[in-house]
Every structure is written in C-alpha cells, then in structure tokens.
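Reading through the structure tokens given below for one structure.
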Amino acid sequence: MRILAVDDDPIIIELLSELLTTIGQHDVETACSGPEALKIVGDPDHKHFDCILLDIQMPGMTGIELCGKLRADPDYARTPILMITAMSDKSYIDRAFSAGATDYITKPFDIDEVRFRIKSAEARLQEAGGMTRKIFSVNKLKQQQPANEKVRLNDPVTIFDVDGVIDYYAFENYITQLSRSSMFGSTVFGIAIRQIEKLYRESTAFGFECLITDTSEAISDCLKPNNFLIAYAGNGTFLCVVEGGFRPDLEKLTDAINLTLHQMDLYFCDGRKLDFRVCAGQPQRLIWRGGKSAIDAVIQAHESAEEEAIKREKMLNEFWITEQAG
C-alpha cells in the first residue's frame with residue numbers, strides 16, 4: 001500500500017517508516033504537520049494514498065482537524081485513516097472517530113498491533129472495491145444524477161457529513177479497541193426502519209441512499225447533546241452507542257425520531273410522499289465488556305432492532321385483517 005504517515009516528532013516518523021517497511025511491502029511517505037500533509041495529498045503529481053496515519057495531537061493543526069479535512073476531500077472519503085495516540089483520555093478518541101477515523105494505534109508501538117491494524121486496513125480496502133475507489137460525500141452526491149448501481153439491502157452504507165455518524169467498520173473498531181473500564185456506563189442499541197424491504201424496492205439507488213442519510217440525520221439530531229456514535233449496519237438498521245451513563249428512554253427517542261422524519265417532509269425521487277417510521281430494539285449495557293463480548297452486545301442490539309421491526313409489521317397486518325373481517 002501507499003501510506004502517508006503524519007507526525008510532528010521526527011523520531012516517531014522514522015520509527016513508523018521502519019516499522020511499516022518491515023511488516024510489508026509498503027511505500028511510505030511522511031509529513032511533519034497537517035498543512036504539509038494537505039499539500040502532499042493535494043498535489044496532482046502525487047499518486048493516491050491507500051492508507052493514512054495521523055498523530056492525534058500535533059501543534060497548529062491537530063490530527064483530528066486534519067482527519068476532518070481529509071474526509072471532506074472526495075478522493076479520501078473512504079481511505080482508511082488510523083490515528084496514532086499515546087493519550088488515555090477517551091474524549092480525544094471519541095472526537096477522532098467522529099471526525100472520520102477508521103481505527104487507532106497506541107504509542108509506544110507494538111509491532112504485532114501495528115501489523116494487525118495495517119493488515120485490517122488493507123483488507124478493508126479490498127472489501128471496499130479496490131485501492132483506487134473514490135466516493136463523493138453525500139452533499140455532493142445529492143447534486144449528481146441518480147446512480148445506476150444500487151447497494152444491496154444488507155450492505156452497510158457509509159454516510160458522510162452527519163454529526164456522530166461513522167463507518168460501520170470504524171464502529172466495530174471503536175467498540176472492540178476501547179478497554180472494558182472505558183466502556184463503563186455505555187449502552188448500545190439498534191434503530192430499525194420499518195418496512196425496509198418495501199421502501200428498498202420502491203426507491204432508486206440515489207433515493208435509497210438519501211433515505212438512509214436522512215434517517216441518520218434524524219437519529220443524530222434526537223440524540224444531541226449526549227455523547228454518541230452511530231453507524232448504519234445494513235438492512236435498514238442503525239447501531240448507536242451512547243455514553244456517560246446516559247440511558248435513553250427508547251420509546252420517547254423513537255417518537256422523537258419519527259416526528260423529526262415527518263417534519264423533514266421527505267419524498268421519493270418520482271415525487272411520491274415518503275412516509276415511514278422507525279422502532280428500537282432492546283438496549284445492551286457495555287459495563288466491563290470488551291473485545292468479542294462487546295461485539296456480541298452489538299450483534300444482539302442489531303438483531304433485537306430488526307426483530308422489533310418485524311414484530312411491529314406483523315401486529316399491524318393482524319390488526320388490518322381483524323378490521324377487514326369485522
């Protein structure tokens with residue numbers, strides 16, 4: 001892979017370069033500041049980077065700020081960005097993921113951890129369709145003609161430009177990497193779009209992406225001002241992790257989300273009114289859960305939300321059958 005490593009410490013830069021060339025056949029370029037990194041990626045004579053490593057705390061422009069600027073560039077909207085940090089303060093890591101970080105590596109470096117994180121990023125690139133894939137942000141996408149290729153219903157869709165919404169792959173990394181103690185007081189739950197299969201069939205490729213994006217905006221707005229992260233996991237289901245001991249009343253939350261969606265006044269691409277609702281599954285506490293146990297909680301939250309959506313539609317169908325029979 002072509003890798004750009006950015007750190008203001010020349011010793012760290014030298015060490016990273018040695019590590020990366022040792023663990024694989026990687027072409028490594030370095031920068032000592034955010035502005036220098038932006039100059040490099042903006043140079044049309046430079047080949048596209050497949051992976052970027054950023055020190056989270058640099059003078060002038062921090063790694064978090066640089067991450068946000070890189071994500072605003074359509075060429076780097078889906079490029080794996082790994083943050084480098086020696087900080088134990090979870091708030092910095094939260095901000096990095098909110099800005100678009102895919103994963104993070106801790107200092108001092110452990111060669112096995114660096115190897116694993118880089119290989120994971122490489123595998124992610126291949127899954128995403130190759131190292132040169134370019135995806136435009138949602139704001140720019142909405143200005144284009146509708147795309148012909150429709151994502152599969154079960155596939156996670158990467159959503160850009162919505163507060164607190166991150167890639168599902170990054171969401172899993174966030175959950176599994178954080179220590180059990182740092183997840184104390186956190187809760188994960190799923191929000192599912194009801195009748196998603198019907199909505200998917202009736203939507204164009206462009207319309208479905210807009211539907212998913214609009215729903216994520218409604219969820220994000222209704223979770224503020226709490227600390228949260230959201231990821232779209234596919235099949236009309238969003239996963240949310242909330243922190244700081246906040247335990248949402250999910251019935252009130254879904255009512256607020258549904259009201260927000262109604263107020264958005266949404267339409268299909270052909271002009272038909274788009275009216276749909278969401279529901280929530282059972283929340284899962286993450287107290288002292290980490291690694292695989294934390295992922296199990298995410299899976300349970302996902303399945304619970306989808307089961308609730310199916311149950312709601314079954315109850316609605318039974319109601320209408322009873323009404324018609326009466």
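Here the dipole of the chain is about 620 debye; that uses its Cα centre as origin and unit charges on the Cβ of Lys and Arg (positive) and Asp and Glu (negative). When the chain is treated as a GNM with alpha-carbon contacts under 10 Å, the residue of Cys240, Cys269, Cys67 showing the greatest mean-square fluctuation is Cys269. Computed from point charges on the beta carbon alone (+1 for Lys and Arg, -1 for Asp and Glu), the dipole magnitude for the stretch 1-92 about its Cα centre is near 380 Debye. When the inverse distances between all different Cα atoms of the chain are averaged and flipped, the Kirkwood radius reads 20.9 angstrom. Here is how the number arises for the chain: DSSP H runs of 4 or more residues each give -39500 (n - 2.57), the sum is divided by the residue count, and the result at 222 nm is -14500 deg cm²/dmol.
Look at the dipole of the chain built from charges on Cβ: of Asn226, Ser216, Asn317, the Cα furthest out on the positive end belongs to Asn317. A Cβ-based charge dipole, computed about the Cα centre of the stretch 47-131 with Lys and Arg at +1 and Asp and Glu at -1, lands at about 100 debye.
Comparing Val114, Pro74, Gly164 along the charge dipole axis of the chain, the residue lying farthest to the positive side is Gly164, per the Cβ-charge model.
Using a cut-off of 26 Å between Cα atoms, the listed pairs Lys150/Lys252; Lys69/Lys224; Lys69/Lys90; Lys69/Lys150; Lys90/Lys224 include Lys150/Lys252; Lys69/Lys150 as exceeding that distance. Here the ratio of the Cα radius of gyration of the stretch 185-286 to 2.2 N^0.38 Å is 1.07. Based on the reciprocal of the average 1/r between different C-alpha atoms, the Kirkwood radius for the stretch 1-135 equals 14.6 Å. Among Cys210, Cys32, Cys51, the residue with the largest mean-square fluctuation in a Gaussian network model of the chain, with springs joining Cα atoms closer than 10 Å, is Cys32.
We did not get these values from a lab; they are worked out from the coordinates using the rules stated. Values in this document were obtained by computation on a predicted structure and should not be read as measured data. Please note: Cβ atoms are built from the backbone with ideal geometry, for glycine as well, and neighbour counts cover all protein chains shown.
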